[in-house]
Amino acid sequence: MAQRDGVFPDSKTLVDCVPAVDPGEIHDRFEREEIGSDLERFVHENFIIPEDPVTEVDASVASMEWYIDGLWDDLIRDPVGTRDGETIIPLPNRSVIPGGRFRESYYWDSYFVAEGLAVTDRIDLLDELAENFASLIDRFGFIPNGNRLYYTTRSNPPLYHRLLDLLAHRRGPEEVLEYLPALEREYGFWMDGADGLERGEAHRRVVGLEEGVLNRYWDDDARPRVESYREDVELAERADRGSESVYRDVRAACESGWDFSSRWFDGEGIETIRTTDIVPVDLNAFLYGMERSLAGWHEYDGDDERAADYRERAAERRRLVDRYCWDAEREFYFDYAWTDGERTDSRSLAAAVPLFTGMATQKQADAITETLEERFLRSGGLVTSLRYSGEQWDAPNGWAPLQWMAIVGLAGYGHEQLAQEIAGRWLDLNREVFDETGRMLEKYDVTGGRDEGGAGGGGEYPLQFGFGWTNGVALALPEFLY
């Protein structure tokens with residue numbers, strides 16, 4: 001009722017509230033009282049409303065780097081407990097939140113945050129993040145999208161192996177071997193149902209194609225998201241198909257991190273979302289990276305047989321991605337619509353992820369580099385896609401994690417000049433927006449860039465500030481490139 005009536009402008013606020021008294025007592029009060037149109041009063045009297053962290057400073061007295069380093073104290077959270085009726089998931093160690101409406105830690109955000117933490121010598125936090133993820137895998141069998149109970153039916157782009165690689169680089173490879181069982185269990189989560197899967201069939205996150213098995217994004221629930229209940233119900237009412245499939249595809253897009261983007265659409269608007277029909281090139285590149293990491297860790301640990309198995313899995317995945325996602329004529333990676341039996345026509349920065357994970361050949365990387373420079377490069381960095389859909393993971397927006405992966409990938413294939421150009425434009429935009437506003441943004445408009453203020457837009461919630469992964473990438477890029 002409170003979600004449909006819009007008690008809060010942002011639906012997520014309600015499910016992040018903490019009961020002020022015993023939840024049973026709140027239920028009894030609700031049954032006894034005639035709430036009527038006074039629902040907002042009832043909620044405010046019976047729940048503790050969450051507050052957003054303060055993330056704005058006077059930019060005239062602070063450099064961007066100084067601000068980011070000091071902001072960690074506002075974004076780092078002590079070990080999380082829970083109160084009765086609260087949606088937060090307990091964690092054994094400290095974590096880092098993105099900021100704004102995102103008051104809990106998030107899976108793939110945490111990796112990009114970790115890159116910045118490492119630069120500022122907060123290596124102890126890398127250990128704690130790795131332990132938190134291992135704890136979540138132990139309890140849930142995977143790492144949830146975010147540190148809330150309502151996120152426990154889906155994950156996020158699988159980057160735990162990159163966090164462990166970063167930790168190994170800073171601490172030494174022997175420091176991450178204790179996490180190898182957790183990483184293997186996470187891999188099992190993504191590959192659940194792959195054995196014996198027939199072609200043309202799909203099970204959870206695996207899809208049986210004519211020549212083998214690749215992965216898709218999925219959510220084990222097919223109901224409206226409780227954190228965006230009103231938005232999902234209204235969307236399903238506009239769509240011309242069953243509401244359960246709409247809810248599932250919306251949730252699957254949230255697992256992808258690209259919530260939302262025209263790359264998931266079968267038409268002009270979000271009403272045509274079909275995420276579960278898509279074999280995404282970036283997801284399969286991430287899993288290729290996980291397989292390569294698992295091979296490397298097993299080899300280091302002396303288990304040559306397991307190492308060889310994961311190397312074979314990675315080689316097979318690379319072959320299948322080339323078969324289904326690489327377009328030799330257009331010389332670009334595209335997502336594959338497995339239900340249609342053809343590639344989509346959506347060009348996006350997902351095509352840079354195979355460079356980030358080392359899955360592309362040199363020839364493929366050279367072609368991708370040319371396209372990125374000619375079609376994606378703007379005054380403030382790389383644009384997310386070439387389509388203006390009104391969704392936040394499309395033009396004109398640029399996002400820190402996509403800049404980072406593209407830059408690291410380009411440099412890894414010898415294209416340092418373009419990598420430095422992208423980094424310079426992105427950091428200049430970050431700095432100029434900070435100098436004007438005293439804030440680091442969740443996303444930026446990279447097309448008009450500085451002349452238009454640089455603030456990103458679109459999507460189902462207002463622009464957020466803080467911001468964890470923007471901060472991490474802003475600190476990590478100079479060290480990586482220079």
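The values are calculated or read from the model by the stated rules, or taken from the named source; none is laboratory data. Small disclaimer: the values here were computed from a predicted structure and weren't measured. A quick note on method: Cβ atoms are made from the backbone with ideal geometry, for glycine too, and the neighbour counts reach across all protein chains shown.
Listing for the model above:
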quantity: Hits in the range 278-311 - residues which are under 22 Å from residue 356 (Cα atoms) and hydroxyl-bearing (Ser, Thr, Tyr); calculated: 288, 293, 310
quantity: Hits in the range 18-37 (condition: more than 22 Å from residue 50 (Cα to Cα) and either assigned to a helix (DSSP H, G or I) or at pLDDT 80 or above (or both)); calculated: 28, 31, 32
quantity: Failed item, numbered, when residue 121 is tested on (1) on the phi > 0 side of the Ramachandran plot; (2) not in a loop (DSSP other than H, G, I, E, B); calculated: (2)
quantity: Per-region count, the range 259-269, residues of a type in the set (A, V, I, L, M, F, W, C) and either closer than 24 Å to residue 143 by Cα or in a helix (DSSP H, G or I) (or both); calculated: 2
quantity: Looking only at the range 6-17, and only at residues there that are surrounded by 12 or more Cβ atoms within 10 Å (Cβ to Cβ) and not in a helix (DSSP H, G or I), the one that is modelled with the highest pLDDT; calculated: 16
quantity: Within the range 41-73, tally of residues that are surrounded by fewer than 16 Cβ atoms within 10 Å (Cβ to Cβ), touching a residue at least 60 places away in the same chain (Cβ under 8 Å) and within 21 Å of residue 102 (Cα to Cα); calculated: 1
quantity: Spans of helices (runs of 4 or more DSSP H) in the range 167-258 with at least 3 residues under 20 Å from the mean Cα position of the chain (by Cα); calculated: 180-190, 243-256
